[in-house]
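Report on the following structure.
A short reminder: the numbers here are calculations on the coordinates, not readings from a lab. All figures in this text were calculated on a predicted structure; none of them were measured in a lab. Please note: Cβ atoms are built from the backbone with ideal geometry, for glycine as well, and neighbour counts cover all protein chains shown.
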Number of protein chains: 2
Amino acid sequence: MKQYTVVMLYAFILSGFLGFSQASQVSIVEDFKPSSVNQPGQQYPQVNSQSRVRARISAPQANKVQLDLGGVKYDMVKDDKGTWTGDSNPQDEGFHYYQLNIDGASVPDPGTLYFYGAGRLGSGIEIPAKDQDFFALKDIPHGLVSENIYFSRLTNSFRRCFIYTPPGYNENATTHYPVLYLQHGSFEDETGWSAQGKANLILDNLIAVKQAVPMIVVMDNGYAYKTQNNNRDKKEQLVSVFEEVLITEVIPMIDTKFRTIANRENRAIAGLSMGANQTMRIMMKHLDTFSQYGGFSGTSNYPSSDVIDPSAFLNGKYKDGDFINKKIKLFWLGLGTKEPSPFPKSVGAFRAMLDQQKIKYVYYESPETAHEWLTWRRCLKQFASKLFR
Amino acid sequence: MKQYTVVMLYAFILSGFLGFSQASQVSIVEDFKPSSVNQPGQQYPQVNSQSRVRARISAPQANKVQLDLGGVKYDMVKDDKGTWTGDSNPQDEGFHYYQLNIDGASVPDPGTLYFYGAGRLGSGIEIPAKDQDFFALKDIPHGLVSENIYFSRLTNSFRRCFIYTPPGYNENATTHYPVLYLQHGSFEDETGWSAQGKANLILDNLIAVKQAVPMIVVMDNGYAYKTQNNNRDKKEQLVSVFEEVLITEVIPMIDTKFRTIANRENRAIAGLSMGANQTMRIMMKHLDTFSQYGGFSGTSNYPSSDVIDPSAFLNGKYKDGDFINKKIKLFWLGLGTKEPSPFPKSVGAFRAMLDQQKIKYVYYESPETAHEWLTWRRCLKQFASKLFR
């Protein structure tokens with residue numbers, strides 16, 4: 001009871017003494033609805049027309065409960081039944097990771113589905129977007145998303161990738177398809193593009209209205225290491241072998257298991273953030289393997305914003321602009337208009353280099369989104385509609 | 001600090017005054033290892049050679065944290081850094097759902113993968129089993145588990161099923177396969193059999209050593225409702241239509257999309273607990289659709305343990321034992337030896353009826369397991385090895 005009184009007093013102080021200048025911010029519209037990525041039957045978290053998030057959890061004996069969303073920790077308030085409720089400031093449209101803090105314990109909200117991001121499975125919230133129709137689940141033919149477990153000789157471990165096969169893949173038993181290799185960002189994994197990225201629904205929707213050609217999409221895990229002895233001190237160290245895993249293990253496996261068109265003209269590679277950086281490096285070293293590239297919120301000069309010297313950058317891979325223009329059928333870059341530093345300047349420096357080298361590319365900006373999944377969903381939509389044409 | 005002292009005092013009292021007769025129970029072997037279903041890189045929860053679970057979570061400001069496992073809430077103890085640790089009593093081998101309680105909030109443990117059970121996504125722990133090799137992930141050919149979204153006219157909603165296709169399915173483009181329809185239990189969903197049931201690994205392992213024939217396994221959601229007006233008071237009520245969804249929507253979809261052998265001889269149906277009850281009812285009404293049945297920890301007389309009158313039970317479907325013996329190629333029942341009431345007596349009453357009717361069936365008992373997933377993994381292994389022979 002003492003607890004409650006203190007919180008109420010705090011709320012009174014806030015509203016009475018500090019609240020005048022924040023009147024518009026604290027006027028909360030009571031039209032909250034359950035988030036679309038809640039667990040079945042769960043009423044909380046909710047989102048209102050101001051794009052505020054309302055979280056709720058029962059924690060009768062807790063001293064302090066917070067909604068931890070978008071880098072801000074919002075104190076929640078306890079009612080007389082021990083249920084805590086808290087509202088966030090208005091959020092950007094799209095998908096955000098978040099968590100609850102209960103007396104210092106950071107835990108997933110029991111109300112939501114869980115998504116792998118920030119290096120762990122955690123809660124997600126979906127703020128309705130004005131253009132959400134392009135990733136909506138509709139009554140149209142749907143492709144399959146298949147979990148494929150494989151043992152990697154290179155990493156000496158089991159790995160997993162997910163493969164999207166388009167509507168009709170199973171029914172049309174002789175048709176072969178082009179393939180997009182699509183990578184997640186840092187601290188995410190192979191589940192990201194289908195779970196929070198909605199890659200399967202974006203492709204289903206595009207293919208249904210013939211805005212994209214039917215294609216296979218392979219989503220692997222960008223973290224792949226082998227242990228190797230350090231020459232100097234003979235200590236074991238981890239070395240990234242994702243490029244080798246992709247080129248020598250994953251692509252041959254996919255070309256064996258699925259009805260692909262196994263040539264460079266029908267193979268594209270793309271990624272977001274860390275994945276954009278990785279896949280650009282792989283692309284430029286394997287132009288005989290891929291002909292089309294998509295970089296969503298990232299380029300291989302990250303995190304630098306310095307002017308790029310094409311004779312030195314990536315071992316001079318961009319030195320010959322004419323060669324690149326002949327070899328790369330689609331060079332596609334995308335960025336959100338609200339992305340934080342260093343992304344705008346770093347991608348900007350990369351574009352300046354492309355311009356200087358007269359390398360043709362498509363540049364797309366996602367309005368009013370930051371370094372988050374709505375940017376990447378939109379990027380995938382735009383990019384996929386131009387692929388394999 | 002006060003908290004800690006109190007707990008230590010309590011431990012002292014327990015060990016000093018009450019502990020003599022419980023010496024073996026409170027002697028904890030310090031050979032804990034991370035659970036195999038933890039998130040990547042997570043050190044906790046752990047399991048030791050006594051099959052005790054040790055949970056750990058940082059919650060510096062919490063008053064009380066508990067490990068809630070197997071119907072028992074174990075008080076955890078805080079160290080001077082605010083990290084709480086708690087051990088459970090020895091657990092049965094296999095997979096168990098659990099949660100943490102932080103000052104009254106029931107939340108998933110941030111250390112584990114999440115599994116849908118008890119009507120929500122929650123934590124799971126894997127206690128190593130002596131026979132765990134049969135569901136281990138091995139360097140052998142693996143089948144795919146494919147997520148298939150479909151719109152059901154009957155429920156007027158999107159639904160989802162997962163389809164296991166055996167190793168070689170994609171490479172051998174002309175081979176057709178028998179199909180097992182495999183259902184989860186109450187408060188579980190279509191993810192259960194592949195996530196915590198490890199159905200794909202069990203099949204991969206059996207197929208690799210030719211102990212099972214390659215088959216397709218379809219795992220749908222047993223909850224399917226339509227709204228219908230009640231005749232008396234005209235109020236809307238929910239009516240289960242799972243049988244209709246399976247027979248008129250799912251099976252035709254699977255037979256169209258996958259290379260099945262689409263006849264009763266090559267179609268089996270099985271389920272666990274609620275799923276055993278459901279699938280038996282469906283089987284007996286659709287003997288032209290299915291020829292083989294598996295009931296894991298359940299039969300359609302649940303929860304009754306009364307003597308069954310075959311002329312009345314399920315509309316007399318078991319009246320003619322000779323007909324059943326001719327029609328049903330494999331009638332398979334399984335149960336754990338530690339299952340709670342009413343399962344042993346209820347399944348026992350059902351078996352007595354089968355015996356009375358001279359209906360042939362296979363009966364399997366899973367040693368030392370209760371109404372949990374190790375029972376059902378073992379049932380699947382036994383059942384699948386006899387299917388489609």
### Query
When all C-alpha to C-alpha distances in chain B are sorted into bins of 10 Å, what percent of pairs does each bin hold, rounded to whole numbers?
5, 21, 28, 23, 14, 7, 2, 0
### Task
Any chance you could tell me what percent of the C-alpha pair distances in the range B:31-128 go past 19 Å?
34 percent
## Note on the structure
Given unit charges at Cβ for Lys, Arg (+) and Asp, Glu (-), the dipole magnitude of the range A:133-386 about its Cα centre in debye, nearest 20, is 480 debye
### Query
Which pairs break 32 Å Cα to Cα here: A:Lys33/A:Lys64; A:Lys257/B:Lys210; A:Lys64/A:Lys130; B:Lys78/B:Lys198?
A:Lys64/A:Lys130; B:Lys78/B:Lys198
### Query
With a sphere of radius 14 Å drawn around the Cβ of B:Ser186, what net charge do the other residues whose Cβ falls strictly inside it have (Lys, Arg +1; Asp, Glu -1)?
-3
### Query
For the range A:217-335, treating each Cα as an identical point scatterer without solvent, what Debye log10 I(q)/I(0) comes out at q = 0.10, 0.17, 0.22, 0.23 1/Å?
-0.36, -0.96, -1.34, -1.40
### Of A:Gly298, A:Asn156, A:Gly316, farthest towards positive along the dipole that unit charges on Lys, Arg, Asp, Glu beta carbons give the range A:133-386
A:Gly316
#### Entry: All aspartates and glutamates inside 12 Å of B:Lys327 as judged from Cα atoms, apart from same-chain residues fewer than 8 positions distant
B:Glu265, B:Asp288
### Query
Taking the convex hull of the alpha carbon atoms in the range B:331-389, what volume per residue do you get, in Å³?
67 Å³
### Query
Rounded to the nearest 20 Debye, what is the dipole magnitude of the range B:31-128 about its Cα centre when Lys and Arg each give +1 and Asp and Glu each give -1 at the C-beta?
180 debye
### Query
Can you tell me the Rg and Dmax of the range B:146-304, counting just the alpha carbons, in angstroms?
16.2, 59
### Query
By the scheme Lys and Arg +1, Asp and Glu -1, what is the net charge of all other residues having a beta-carbon under 14 Å from that of B:Asn229?
+2
### Query
In which sequence would A:Leu201, B:Leu100 go, from the one with the fewest C-beta neighbours within 10 Å to the one with the most?
A:Leu201, B:Leu100
### Query
Quick one: if you stick a label point 7 Å off each Cα along the C-beta vector at A:Lys360 and B:Gln357, how many nm between them?
7.3 nm
## Note on the structure
Within the under-12-Å Cβ sphere about A:Ile28, not counting A:Ile28, Lys/Arg +1 and Asp/Glu -1 give a net charge of -1
### Query
What list do you get for A:Ser49, A:Ser346 if you sort them by fewest beta carbons within 10 Å?
A:Ser49, A:Ser346
### Summary
So the FRET efficiency between A:Glu30 and B:Glu265, C-beta based with R0 = 56 Å and rounded to 0.05, is 0.40
### Query
So how do A:Asp233, A:Asp87 line up by other beta-carbon neighbours within 10 Å, fewest first?
A:Asp233, A:Asp87
### Spatial separation of Cα centroids for the range A:233-264 and the range A:59-124, in angstrom
38 Å
### Query
GNM on chain B, C-alpha springs below 10 Å: top fluctuator among B:Gly275, B:Gly71, B:Gly334?
B:Gly71
### Query
How far is it, in nm, from the label point at A:Tyr225 to the one at A:Ser311 when both lie 7 Å from their Cα along the line to the Cβ?
3.8 nm
### Query
Between B:Phe187 and B:Phe158, what FRET efficiency follows from the Cβ-Cβ distance if R0 is 22 Å, with the result rounded to 0.05?
0.60
### GNM top mover of A:Val217, A:Val77, A:Val179 - chain A, alpha-carbon springs below 10 Å
A:Val77
### Message
With θ taken as phi - 60° and the coefficients 6.51, -1.76 and 1.60, list the Karplus ³J(HN,Hα) couplings across the range B:305-320 in order, rounded to whole Hz; mark glycine and proline as x.
### Response
10, 5, 4, 9, 8, x, 6, 10, 4, 6, 6, x, 4, 9, 5, 9
### Message
Which one, B:Pro110, B:Pro214, B:Pro252, has the greatest fluctuation when you compute a Gaussian network model over chain B with C-alpha springs under 10 angstrom?
### Response
B:Pro252
### Message
Between B:Lys81 and A:Asn63, what's the calculated FRET efficiency when r is the beta-carbon distance and R0 is 22 Å? Round to 0.05.
### Response
0.80
### Query
Roughly how large, in nm² to one decimal, is the mean projection of the convex hull of the alpha-carbon atoms in the protein assembly as shown?
40.2 nm²
### Global form of the range A:77-204, assessed from the alpha-carbon gyration tensor, a/c cut-off 1.5
oblate
### Message
Placing the label point 7 Å from Cα along the Cα-to-Cβ direction, what are the distances from A:Tyr363 to the equivalent spots in the other copies, shortest first, in nm to one decimal?
### Response
7.6
### Query
Residue separation times 0.36 nm, minus the C-alpha to C-alpha distance between A:Thr174 and A:Asp139: what's the value?
10.0 nm
#### Entry: Whole-number percent relative contact order across chain A, with pairs defined as alpha carbons under 8 Å at least 6 apart
12 percent
### Message
Run the label-point distances for A:Gly316 please: 7 Å along Cα to Cβ, every other copy, nanometres, shortest first.
### Response
9.1
